[in-house]
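A.B. asks: One structure, as structure tokens, below. Some questions next.
The values are calculated or read from the model by the stated rules, or taken from the named source; none is laboratory data. As the structure is a prediction and not an experimental result, all values here were calculated from the model. Reconstructed Cβ throughout: ideal geometry from the backbone, glycine too, with neighbour counts over all protein chains shown.
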Amino acid sequence: MLAISTTASGVPQHRRRGRLIMEGGNPLSDRRSVEFRSRDALFNVIPLPPAEAALDDSGYSLHGTGADAITCSVGTLDGAIGVVTRLSPTVVWVMPKGEVDTSDARALPVYLSGCGVTLGPIRGAFIRTDAETAGTPVGLQLANVSLEQGRQILTLLADALKRGVAEPAASALPVQDTIDEAERIRAILLAISTAGNKGVLRRMGRTVRLVLERYNAETEQLEWHAEDPVTDWGEAPYDIDVIGHNSAYRMRLEAGTPGGQRFTSPLPDVLFRIRHRWHRRSPAPEGVRVTFHHPLWREQGEMERAVLDLSFSGMCIRCRP
């Protein structure tokens, strides 16, 4: 699956154009093509700056343990640094089992191991972050990943999906509005807890789905229930995106108490509205296709795929690397 947004970016115009071809679904003509600019279509053609790489939320979030885990080694095959928490053909995040020196800016050999298969060496460099606190995953930006290596990574992810230990990483959406009135914030979150709406908890390279179960008026705490244990997630800050009635909201929590699958937090000082429901995707009419150049492997030339769904701000297609 490839989801692309039509917002502009700093990538040169000639490198971020796509063409949408419609056949059969348009009653006014037999064929029509539309050119658009895509922010994400070629987002990873060139290495991202460190600040953007740290925010790269592409790929799949991994939750495997023991035999289901994917491990990462750096430098040598036996230099395992920990278990992978997020993986894509462009970035890997690892929960380290000990101290890891991330000061080396050179591209290093990276190896991925899981289900009896080892991939590598793949060239990667540590992503420098400002928040170097205990319990924080270590990021590696992958570079010059070959087509075959990309297929191997996706095969590893497909296997993790079949075993139920991987899910698409939830992307952070742009902020559209800021809410800083305490009573309004309380009312919004109280309504969300009553509805039992789902959300996503993020902390530097890790994500987990969770539900806001209730607002405790006596303690003025939000009480959440996560799909997976969050005990070892480390200290705040935490970011949470949660679905409301007509919009989705994001909050930055400077304090929180994880315990097993329970997570409690105070009310945030600020709530960010990040999405209107009218940007939901709808199934594309039959015959709508898109042509594009693959964001990582342009040597494949112009590719064409069927469009699965559309919205006012993007589309989703099914494609192979």
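A.B. asks: Within the bounds of segment 156-177, is there any residue that is assigned to a loop (DSSP other than H, G, I, E, B) and modelled with pLDDT of 90 or more?
C.D. replies: Checked against the condition, which is being assigned to a loop (DSSP other than H, G, I, E, B) and modelled with pLDDT of 90 or more, segment 156-177 yields no hits at all.
A.B. asks: Please determine, by comparing only the residues of segment 98-114 that are out of contact with any Lys or Arg (no Cβ under 8 Å at 6 or more places or on another chain) and closer than 25 Å to Ala158 by Cα, which one is surrounded by the most Cβ atoms within 10 Å (Cβ to Cβ).
C.D. replies: Going through the qualifying residues, I end up with Gly114.
A.B. asks: Using the structure shown, decide if Leu296 is modelled with pLDDT under 85, farther than 24 Å from Leu147 by Cα and surrounded by 16 or more Cβ atoms within 10 Å (Cβ to Cβ). Break it down stepwise before answering.
C.D. replies: Numbers: modelled with pLDDT under 85: yes; farther than 24 Å from Leu147 by Cα: no; surrounded by 16 or more Cβ atoms within 10 Å (Cβ to Cβ): yes.
Against the criterion (modelled with pLDDT under 85, farther than 24 Å from Leu147 by Cα and surrounded by 16 or more Cβ atoms within 10 Å (Cβ to Cβ)), Leu296 does not qualify.
A.B. asks: Just checking, how many residues over segment 63-97 are of a type in the set (Ser, Thr, Tyr), in a loop (DSSP other than H, G, I, E, B) and in contact with a strand residue (DSSP E or B) (Cβ under 6 Å, 6 or more places away or on another chain)?
C.D. replies: Going residue by residue through segment 63-97, those that are of a type in the set (Ser, Thr, Tyr) are 65, 71, 73, 76, 85, 88, 90.
From what's left, in a loop (DSSP other than H, G, I, E, B): 65, 76, 88, 90.
Among the residues that remain, those that are also in contact with a strand residue (DSSP E or B) (Cβ under 6 Å, 6 or more places away or on another chain) are: 90.
Qualifying residue count for the region: 1.
A.B. asks: Being over 26 Å from Leu140 (Cα atoms), of a type in the set (Ser, Thr, Tyr) and at pLDDT 80 or above is the filter here, so list the residues in segment 215-251 that pass it.
C.D. replies: Of everything in segment 215-251, those that are over 26 Å from Leu140 (Cα atoms), of a type in the set (Ser, Thr, Tyr) and at pLDDT 80 or above turn out to be Tyr215, Thr219, Tyr249.
A.B. asks: Given (1) at pLDDT below 85; (2) buried (at least 21 other Cβ atoms within 10 Å of the Cβ); (3) of a type in the set (A, V, I, L, M), identify the lone condition not met by Leu212.
C.D. replies: Only one criterion in (1) at pLDDT below 85; (2) buried (at least 21 other Cβ atoms within 10 Å of the Cβ); (3) of a type in the set (A, V, I, L, M) is unmet by Leu212, namely (1).
A.B. asks: Under 7 Å between Cβ atoms, at least 6 apart or on separate chains: pull out the pairs that start in segment 171-188 with a residue that is among the aliphatic types (A, V, I, L, M) and surrounded by 15 or more Cβ atoms within 10 Å (Cβ to Cβ) and end on any residue that is assigned to a loop (DSSP other than H, G, I, E, B) and modelled with pLDDT under 90.
C.D. replies: From residues that are among the aliphatic types (A, V, I, L, M) and surrounded by 15 or more Cβ atoms within 10 Å (Cβ to Cβ), the pairs are Ala172/Asp57; Ile188/Gly244.
A.B. asks: Among residues belonging to segment 104-119 that are outside any loop (DSSP other than H, G, I, E, B), of a type outside the set (Val, Ile, Thr) and in contact with a helix residue (DSSP H, G or I) (Cβ under 7 Å, 6 or more places away or on another chain), point out the one that is modelled with the highest pLDDT. Please lay out each step first, then the result.
C.D. replies: In the first step, residues of segment 104-119 are kept if they are outside any loop (DSSP other than H, G, I, E, B); the result is 108-114, 117-119.
Now restrict to residues that are of a type outside the set (Val, Ile, Thr): 108-109, 111-114, 119.
From what is left, the residues that are in contact with a helix residue (DSSP H, G or I) (Cβ under 7 Å, 6 or more places away or on another chain) are 112, 114, 119.
Details: Leu112: 95, Gly114: 88, Leu119: 92.
Across segment 104-119, the extreme among qualifying residues is Leu112.
A.B. asks: Mind checking which residues of segment 229-256 are in a loop (DSSP other than H, G, I, E, B), surrounded by 17 or more Cβ atoms within 10 Å (Cβ to Cβ) and of a type outside the set (A, V, I, L, M, F, W, C)?
C.D. replies: Result: Gly234, Gly244, Gly256.
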